[in-house]
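Every number here is computed from the coordinates shown, using simple stated rules; none is lab data. All values derive from a computational prediction rather than experimental measurement. Here the Cβ positions follow ideal geometry from the backbone for every residue, glycine too, while neighbour counts run over all protein chains shown.
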Amino acid sequence: MKFSNSLTLTLSVALLASLSLPSAQADAQAKSGKATHSAPVKADAVAAPVLKLQLEAVVKDGTKYWLPAQLKAKKGDRIRLKLENHIAGPNSIHGFRLKEFHIEELVDHQGKEVEFVADHTGTFKYDCHLHPAHVGGELIVEEK
Ligand SMILES: [Cu+2]
């Protein structure tokens with residue numbers, strides 16, 4: 001009985017070790033893979049000139065908009081985006097979301113600035129995540 005217990009224990013430990021080893025290696029590979037992928041993007045970002053863009057939250061005929069409705073950039077541009085809220089009201093806060101670039105901000109009358117690198121091409125929607133009726137727009141990133 002005693003022998004059998006210790007054998008079971010030994011076997012479980014051996015099994016655990018053999019199971020956890022490959023997954024640990026996979027983790028390490030995944031991490032290093034991520035690191036090597038993001039490194040060149042970062043290097044590009046440092047070298048890239050800053051493209052200054054601006055968006056304003058405004059209200060026209062009762063409808064709220066982020067204007068302009070379209071922004072354009074080239075792949076690799078470092079975008080410094082100034083967000084201004086010109087919608088009146090004591091508690092005027094509007095959202096700015098550009099999902100593809102992991103941006104989600106709240107913008108009051110102080111305004112806000114966000115900076116990111118347009119590291120992939122495509123057409124990306126931006127909107128106000130607080131108000132579904134608040135009309136957004138799109139950022140178009142083209143090849144250089
Ligand atoms: Cu809004």
Using the basic label-point model (7 angstrom from Cα toward the beta carbon), what is the residue 135 to residue 69 distance in nanometres? 0.5 nm
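Cross-link list 75/125; 60/112; 74/125; 60/125; 52/75; 82/125: which exceed 19 angstrom alpha carbon to alpha carbon?
Values: 75/125 16 Å; 60/112 22 Å; 74/125 16 Å; 60/125 21 Å; 52/75 14 Å; 82/125 17 Å.
Table pairs above 19 Å Cα-Cα are 60/112; 60/125.
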Where the only charges are on Cβ atoms (+1 Lys, Arg; -1 Asp, Glu), what is the dipole of segment 49-142 about its Cα centre, to the nearest 20 debye? 180 debye
Globularity ratio of segment 49-142, using Cα Rg and 2.2 N^0.38 Å: 1.03
